Amino acid sequence: MTMRPARAALPALAALALLALAGCGDSEPGLAPDPASSTSPSDEPAAEPSDEPTQDPGGFAPTDYSYTLTLTCYCPDAGVPIRVTVADDEVVSATYARGGGRSGAVAGDPVPLSRVVTIDEVIAAAETPGAHRVEVDWPEGQDHPSSVAVDPSERAVDEEFGYLVDDVEVADAPQ
C-alpha cells in the first residue's frame, strides 16, 4: 500500500518549502538596495560640477550622532536593538543593546558594520525606486523618520525590510 499526502496538506508543504528558501539571496538581509546601482537610464542631463558644498535637503543634517536601530526583516538581527555610532556621516561602531534574536545576540557584543545603516540611509530606503510598498512614520517636526518599512516586490516572499529609529543623540559640535 502506497501512502500519499492528503491534498489539503500540499499547500502547507509548499509554504514550508518557500520558508526554507527564504533569505537565500546574495544581498545582505535587512539592508536597502543601493539606489546608485540602478541600471535604468535617466533622461535628465548630468548636473554641472560645483565648488559649493552640497547637502541633501531631505537628509539628516547632523553628521556625528548615535541612535538605536532595530531591523525588521527576515535576518538574524531582526528585532534586536542595535546602538549605532556615526561620525562624519559614516557608521563607526555598532553593538547589540540587548541580547536575543535568531542570531543569539549578546548585549554589548559588536555588530558587523555591514548590517547597520546611517539615518540618511534609513531616509534613502523610504525612496526605494520601484518598491511595491513603502510605509514611513515621520512625526511632524522631527528631523528623521521613526520607522521605514519597504516591500520591494509584490511577487517575492520574505524580502521585506524595515528600520526603527529611536533614542537619537546628536554629538556636541567641537569648539
(request) Return one quarter of the surface area of the convex hull spanned by the alpha-carbon atoms of the range 59-175, equal to its mean projected area, in nm². (result) 7.8
(message) Using all alpha carbons of the range 114-175, what is the percent of pairwise distances in each 5 Å bin, ordered from the shortest bin to the longest?
(response) 4, 16, 25, 22, 15, 9, 5, 3, 1, 1, 0
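Read the figures in this text as sums done on the coordinates, not as results from a lab. Just so you know, these numbers come straight off a predicted model, no measurement behind them.
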